[in-house]
Amino acid sequence: MAKSALLKSSLAKKYWMAFTGLFLCLFLVGHLAGNLQLLAAGEGARDQFNEYALFMTTNPIVRVLSIVTFASILFHVIDGIILTVNNRKARPEGYVSFKPSTNSKWSSRNMGILGTVILAFIIIHLINFWGQMKFGGLDDTVYQTANGETVKDLYTLTIRTFQDAEMGLIWAIIYLIAMIAIGFHLYHGFGSGFQSLGINHPKYNTFVRRVGVGFAIIVPLLFAIIPFYIYFVLEKI
Amino acid sequence: MNLTLKIWRQKDAASKGGIQTYQLGGVEPDMSFLEMLDVLNQELIDKGEEPVVFDHDCREGICGTCSLQINGEPHGPDRGITTCQLHMRMFKDGDTITIEPFRAKAFPVIKDLVVDRSSFERIQQAGGYISVNTSGNTQDANSIPIPKDKADAAFYAATCIGCGACVAACKNASAMLFTSAKVSQMALLPQGEVEADRRVLAMVEQMDKEGFGNCTNTGACEIECPKGISLENIARMNREYLRASVK
Amino acid sequence: MGVLDSKVPQGPLAEKWVSHKNEINLVNPANKRNIDVIIVGTGLAGGSAAATLAELGYNVKTFCYQDSPRRAHSIAAQGGINAAKNYQGDGDSDYRLFYDTVKGGDYRAREANVYRLAEVSGNIIDQCVAQGVPFAREYGGLLDNRSFGGVLVSRTFYAKGQTGQQLLLGCYSAMNRQINRGKIKSYTRHEMLDVVLVDGKARGIIARNLVTGEIERHSAHAVVIASGGYGNVFFLSTNAMGSNVTAAWKVHKKGAFFANPCFTQIHPTCIPVSGEHQSKLTLMSESLRNDGRIWVPKKLEDAKAIREGRLKPTELAEEDRDYYLERRYPAFGNLVPRDVASRAAKERCDAGFGVNKTGEAVYLDFSDAFMRYGREAVSTQKIENASEEQIRELGVAVVEAKYGNLFQMYEKIVDENPYKTPMKIYPAVHYTMGGLWVDYNLQTTVPGLYAAGEANFSDHGANRLGASALMQGLADGYFVLPYTMGDYLANDIRTGPISTDLPEFEEAEKNIRGQMERFINTKGTKSVDYFHKRLGKIMWDKVGMSRNATGLKEAISEIKALREEFWKDVRVPGIIDGMNPELEKAGRVADFLELGELFAKDALHREESCGGHFREEHQTEEGEALRDDENFMYVAAWEYTGEPADAVLHKEDLVYENIEVKTRSYK
């Protein structure tokens, strides 16, 4: 019983949701740390970012982590869909009048919609950068590493994307919208993850809640600043 | 007060129901919500119509029989009370009040506003007890000292009246607050700890079987719970279940 | 001894139960599997009996009209449960609990039963704690106690103001364990409508499925009635809306004697009636009297001013207040037993000192308690130079921790803040001491038919002490019936399953169906509630807190006339074969209309005042109850012979060998 309990039960689905969600929070921190390097200006910026990109694509530990990240996203999405479908089934006949706004926060009730927006964004984001890195599009800009290898120049790709005369600002706005969605998703998801894993104690709840709110505001905000910074502030290349 | 009442009417479980509108005058602010329905029913009987059927019994907020989704909220707009404790002074003259049954797959409608909550019974029967026999030959009550804060926490979990408002309020029709309250009460006490693993696994399994939704931690249940059962209980159950299932 | 044999065992009082248990027949475990027991009602008495009988191995079927056994009205008991544990070391003992209960019951209870109750009381607490009932505890981790009306020791165990709920949930969890094992089959939303006798023995019941309307036959080797009391005969009471006398009344009509119906408890601390629309009354735990002081204004003009809203109670000076309980009963003060407190409130209100619009309310004031607890808090928290306001606030916090839920309940209903202005209270019908006559084994006058809890008459005499109902219900169910029923069932091990095709079942079902059809087909002009309210008014006005011969005679004829009118003019909408609460109510009110008459007849015949029964003709000069031990120290058990008016009286004389019968004084 115990084994199937950990795979099939409603609670198990919640654990996986929480576990993958919280892992993805960690991923966001790592990703943000890398991206913030884009705010740097001057000659060294390109070298620094590309070296970082190289490290991220070649280091075996990072590679494993990136696979885990992709798996987590996939799992989080599939699990989320299953949960949503189950939850719909649990109330086949709805209310004529239903006022959930009186008893719960908007973000907590719309994790599915927020998640869908985020998923769409992830796809766009991957096409924009990861796809370009993997499957061409960067042939005109290559970067010579310290070891003398030639790799694709992700820095230039990024800066050009957001400095594009036609699309640059649009991209920035799309990214902003996505970051707002992530913000709301985190606003509920961070604390919710702890609750689902059973981490709830009157002594520490306030702390967890504050960290969650801080995380939900600061992380997406910093992410969202980058495209606008590149478009408006950074020297054009 | 004069009110417009929009009430769900449904002949029986098999029939299709719908909202019917009634006008009701002479409602006093000191009346309880159910007394207001009594007045409506008296009028319906006098007119030769069938009265509205709703669940109720103790009318003092402890038996957990009364239900009703009132203007989109279980037990109506007031907090910390059941429908029978809701008073008409919460409403204004001329208000329109929508009254529906609690909705969930696991709470099928029996008639009008009455739903079948036996799914709750089956969850409790699956393991919501401590397996001691009732011979009375147990040890002296004071031979098991229990820290006051633990005993109090167990008590607060045990004050659940099983009304189903948590399910009704939840956008997912989840029964986590109810189930976790029972699990918590027993898990917090040394008497119940012995079979805590078995209990939580069995009760959650039954809860899933009944077709309740999953908890997404919106917290609506805690707000709407007439007894203020805390979300902490859900976290405790999550913990208990995780511990039991990895063992 | 007449036809009533109490079957009290011989021997010294303290040894009766033990020796009885040693001597009675047992059923061996293999045979128990072949024996079925039906239990009607799943409150503390029925639920605990079901759990234990199933535990022993019998096949149990339980019936309740609610949608879950957990919703039985035992759940509403607030204050606590008594047990002679003497954890406080204040001199408590089985004997003292026995003594207090007999005295509190005004010497109208059977000694041996009450002693047994006291004897098993400690076991109940052990049992409940083992089941996980979260009683209140002290910081040391041990159980806490409080005191209740009518006694001088602290022996009441409690779980805030929700003791009944916690005990019932404990009992229900024991039931659930047996349901899970398949030993109890729980029929919810089912109402028992008749008992079936085969060869003079109770062999089954007729029940209606309240969802489908189906009339069902269920057979068993014995039947237990644990369906609670009949306080709803007054329409307004603290009972649940569905609480009814039908099960008890139907077995009475089949031969079980009904004892002391006039012994009804009017509880002093209820929220006063607010208007015509009122459907029920709400009680607030008697435990409030531990800290609250009851008063009315001393001067009639002040009372009048308060009633008219010109004066606030908080504005009235201390010397203008009449703390009438403290004045009349200095030894017990606000903690006199319920009947005494209720009558005293009525006396003051009748004299014109009532404090709400209808003149039927007295004050329950916590302002002294706020200050007293506040000063205590100041000294324990070592606060210096605390202001009056600060002290009061600290005291309010203590009171809130103790009674917060009750204060909140009051505020929700009355819309006044009880921390700022004193609460208004008035007595209301609460509990019925009378009920089915049972012997020492809790068997009625019908073989194989048992009655437990409030449904029987046994342990509380003419007045029940606070926190004793829960004790009695659980004692009957957990520790008495499972033994005593075995004695009877031992003769049934060869009987085998009882067929529900027997003509007796057919006949009973036919009668029930006939009654239902008559309700539906009468197509009169008045609703069931209309009749119930009128019955309630007759009962409250003439058979209520104080009674006299003229009023009782009027009540008897008025109830009879009302009953005839009911059968001619009731309107029951809807159908038989489906859910129909009006039809359910019609059946219940039909029975109340018969019981009400017997109730008044019993009150008329009892020419004395005792406990909850107060006859105006029988009082002392100071207005205290005047008992007549010479002529009325007996249980009045009524035999049904066709009409309530023709009921035949049988007397079971009460003999007190271990207790000195005294005038009950709380001065």
- Message: Could you report the buried accessible area between C and B, both sides summed, computed with a 1.4 Å probe and given in Å² to the nearest 100?
- Response: 6100 Å²
- Query: Which value, in Å², gives the accessible area per residue of segment B:117-246 when a 1.4 Å probe is used on the protein heavy atoms?
  - Reply: 29 Å²
- Cα-based radius of gyration of segment B:117-246 once divided by 2.2 N^0.38 Å, which approximates compact folds: 1.05
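Do you know the relative contact order of chain C, to the nearest whole percent, from alpha carbon pairs under 8 angstrom that are 6+ apart? Please list the in-between numbers first.
Details: 1462 pairs, mean separation 139.9, N = 667.
Relative CO of chain C lands at 21 percent.
Holding the Cα-Cα limit at 21 Å, pick out from B:LYS111/B:LYS209; C:LYS280/C:LYS412; A:LYS203/B:LYS182; C:LYS280/C:LYS533 the pairs that are longer than that. Please list the in-between numbers first.
Values: B:LYS111/B:LYS209 24 Å; C:LYS280/C:LYS412 15 Å; A:LYS203/B:LYS182 23 Å; C:LYS280/C:LYS533 11 Å.
In this structure, B:LYS111/B:LYS209; A:LYS203/B:LYS182 exceed 21 Å between Cα atoms.
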- Query: If you take the alpha carbon radius of gyration of segment C:246-331 and divide it by 2.2 N^0.38 Å, what ratio comes out, to two decimals?
  - Reply: 1.65
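For the ranges B:83-92, C:242-251, what's the packing order if you count other beta-carbon atoms within 10 Å of each residue, average per peptide, and put the highest first?
Averaged packing, sorted descending, gives the order C:242-251, B:83-92.
Restricting to the protein assembly as shown, compute how many DSSP beta bridges are antiparallel as a %, nearest 5. Let's see the in-between values first.
On the way: 61 of 85 bridges.
Around 70 percent of the beta bridges assigned by DSSP in the protein assembly as shown are antiparallel ones.
Could you compute the FRET efficiency for C:ARG33 and C:LYS667, with r as their C-beta to C-beta distance and R0 at 60 Å, rounded to 0.05? All intermediate terms of the calculation are to be shown ahead of the outcome.
Values: r = 57 Å, r/R0 = 0.96.
FRET efficiency, C:ARG33 to C:LYS667: 0.55.
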- Message: Loop only by DSSP, 13 or fewer other Cβ within 10 Å of the Cβ. Give me the GluC sites (Glu not before Pro) in segment C:213-287 that pass, ordered by residue number.
- Response: C:GLU214, C:GLU276
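From other protein chains only, count the Cβ atoms within 10 Å of every residue's Cβ in C:45-53, then give the mean. Spell out each step's value before the answer.
Numbers: counts 0, 0, 0, 1, 1, 1, 3, 4, 1.
The per-residue average across the peptide is 1.
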- Message: Could you give the length gained by full extension between C:ARG494 and C:LEU142, i.e. 0.36 nm per residue of separation minus their alpha carbon distance, to one decimal place?
- Response: 121.9 nm
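At most 13 other Cβ atoms within 10 Å and a DSSP loop assignment: could you name the trypsin sites (Lys or Arg not before Pro) in segment B:110-149 that fit?
none
Which value, in debye to the nearest 20, gives the size of the charge dipole of segment C:269-429 about its Cα centre, when Lys and Arg are +1 and Asp and Glu are -1 at the Cβ?
Working: 25 positive and 27 negative charges, 81 e Å.
Taking the Cα centre of segment C:269-429 as origin, the dipole is about 380 debye.
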- Mind scanning C:LYS85/C:LYS382; C:LYS16/C:LYS651; C:LYS160/C:LYS667; A:LYS99/B:LYS92 and naming the pairs with a C-alpha gap bigger than 28 Å? C:LYS85/C:LYS382; C:LYS160/C:LYS667
- Task: For peptide C:65-74, compute the average count of partner chain beta-carbon atoms within 10 Å of each residue's beta-carbon.
- Result: 6
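May I ask you to give the solvent-accessible area per residue for segment C:269-429, in square angstrom, as obtained with a 1.4 angstrom probe? Intermediate results must be reported in sequence, preceding the final value.
Working: 6890 Å² over 161 residues.
Here the per-residue accessible area is 43 Å².
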- Task: May I ask what percent, to the nearest 5, of DSSP beta bridges between residues of chain B are antiparallel?
- Result: 75 percent
- Query: Among all the aspartates and glutamates, which ones have a C-alpha under 19 Å from A:LYS236's C-alpha, if same-chain residues fewer than 8 places away are not counted?
  - Reply: A:GLU43, A:ASP47, A:ASP140, A:ASP153, A:ASP164, A:GLU166
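Work out how much length A:VAL64 to A:ILE122 would gain on full extension: take 0.36 nm times their residue separation and subtract the Cα-Cα distance, in nm to one decimal. Working shown, then result.
Details: separation 58, 0.36 × 58 = 20.88 nm, distance 1.92 nm.
Length gained between A:VAL64 and A:ILE122: 19.0 nm.
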- Does any residue of segment A:51-99 lose at least 40 Å² of accessible area with all protein chains in place compared with its chain alone, and if so which ones (probe 1.4 Å)? A:ASN87, A:ALA90, A:ARG91, A:GLU93, A:TYR95, A:VAL96, A:SER97, A:PHE98, A:LYS99
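Counting only Cα atoms, I'd like the Rg/Rh figure for chain B, Kirkwood definition for Rh.
Details: Rg = 20.2 Å, Rh = 19.4 Å.
Over the Cα atoms of chain B, Rg/Rh equals 1.04.
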- Item | Estimated vicinal HN-Hα couplings, Hz - segment C:144-154 in sequence order (Karplus 6.51, -1.76, 1.60; Gly, Pro = x) | 9, 10, 9, 9, 10, x, x, 9, 10, 10, 9
- Would you jot down the residues in segment B:32-53 that end up with at least 50 Å² less accessible area in the complete protein assembly than in the chain alone, with a 1.4 Å probe? B:GLU35, B:ILE45
- For segment C:1-62, restrict the atom set to alpha-carbon positions and state the Rg and Dmax in Å. 14.9, 38
- Item | Set of aspartates and glutamates with alpha-carbon distance to B:LYS105 below 17 Å, sequence-local pairs under 8 removed | A:GLU93, B:ASP12, B:ASP116, B:GLU121, B:GLU205, B:ASP208, B:GLU210
- Query: Which value in nm describes the separation of the simple spin-label points at A:ARG210 and C:ASP199, placed 7 Å from the Cα toward the beta carbon?
  - Reply: 8.0 nm
- Just grab the label-to-label distance for A:TYR229 and C:GLU319, each label 7 Å out from Cα along the Cβ direction, in nm (one decimal). 8.2 nm
- Computed over the Cα atoms of chain C, the Rg and Dmax in Å are 24.6, 83
- Task: Whenever you get a sec, compute what percent of the accessible area on segment B:3-111 sits on carbon and sulfur atoms (1.4 Å probe).
- Result: 48 percent
- Message: With a cut-off of 8 Å between alpha carbons and a minimum separation of six or more residues, what is the relative contact order of chain A in percent?
- Response: 30 percent
- May I ask for the net charge around C:TYR483, where only other residues with Cβ less than 15 Å from the Cβ of C:TYR483 are counted and Lys, Arg are +1 while Asp, Glu are -1? -1
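Across peptide B:15-21, how many C-beta atoms of other chains are within 10 Å of each residue C-beta, on average? Working shown, then result.
Numbers: counts 0, 1, 1, 1, 2, 0, 0.
That works out to 1 on average.
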- Item | Under 12 Å from the Cα of B:LYS247 - aspartates and glutamates, other chains or at least 8 residues apart | B:ASP197
- Phi-derived 3J(HN,Hα) across segment C:74-89 with the Karplus relation (6.51, -1.76, 1.60, θ = phi - 60°), rounded Hz, x for Gly and Pro, is 3, 4, 8, 5, 9, x, x, 9, 7, 7, 7, 7, 6, 5, 7, x
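Of the cross-linked pairs C:LYS312/C:LYS420; A:LYS8/C:LYS185; C:LYS298/C:LYS542; C:LYS253/C:LYS585, which ones have a Cα-Cα span greater than 21 Å in the structure shown? If you can, show how the numbers build up before the last one.
Values: C:LYS312/C:LYS420 11 Å; A:LYS8/C:LYS185 31 Å; C:LYS298/C:LYS542 28 Å; C:LYS253/C:LYS585 19 Å.
Correct reply: A:LYS8/C:LYS185; C:LYS298/C:LYS542.
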- Query: How big is the B-A contact in terms of buried accessible area, both chains counted, 1.4 Å probe, rounded to the nearest 100 Å²?
  - Reply: 3600 Å²
- Expressed to two decimals, the protein assembly as shown has a Cα Rg over Rh, using the Kirkwood radius, of 1.05
- Considering only DSSP states other than H, G, I, E and B, which chymotrypsin sites (Phe, Trp or Tyr not before Pro) in segment C:108-196 qualify as loop sites with at most 11 other Cβ atoms within 10 Å? C:TYR139
- DSSP bridge orientation in chain C - percent antiparallel, rounded to nearest 5: 70 percent
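Can you name the helices of chain A, as whole DSSP H runs, whose Cα span along the helix axis is 27 Å or more and whose Kyte-Doolittle mean is not below 0.0? Walk me through the numbers on the way to the answer.
Numbers: long enough: A:10-35 (37 Å, 0.99); A:60-89 (43 Å, 1.17); A:168-196 (40 Å, 1.28); A:202-228 (40 Å, 1.23).
What comes out of the filter, once short or polar helices are dropped, is A:10-35, A:60-89, A:168-196, A:202-228.
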- Query: Looking at segment C:269-429 from every direction and averaging, what is the projected area of its Cα convex hull in nm²?
  - Reply: 9.9 nm²
- Item | Inter-probe distance in nm under a simple model that places probes 7 Å from Cα toward Cβ, at A:ARG160 and B:GLU43 | 7.6 nm
- Query: Over segment C:501-633, how many percent of alpha carbon pairs lie in each 10 Å bin up to the one with the longest distance?
  - Reply: 12, 33, 25, 18, 11, 2, 0
- Item | Viscosity 1.002 mPa s, temperature 20 °C, Stokes-Einstein D of segment B:3-111 from Kirkwood C-alpha radius, µm²/s | 149 µm²/s
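Roughly how many Å² is the accessible area per residue of chain A, as a whole number, for a 1.4 Å probe? Please report the intermediate quantities before stating the final value.
Values: 13100 Å² over 237 residues.
The answer is 55 Å² per residue.
The values are calculated or read from the model by the stated rules, or taken from the named source; none is laboratory data. Note that the coordinates shown come from a computational prediction; the quantities given were computed from them, not determined experimentally. In this analysis, Cβ positions are derived from the backbone assuming ideal geometry, glycine residues included, and neighbour counts consider all displayed protein chains. We work out accessible area using only protein heavy atoms, side chains counted, and drop any ligands, DNA or RNA first. Shrake-Rupley method; radii C 1.70, N 1.55, O 1.52, S 1.80 Å.
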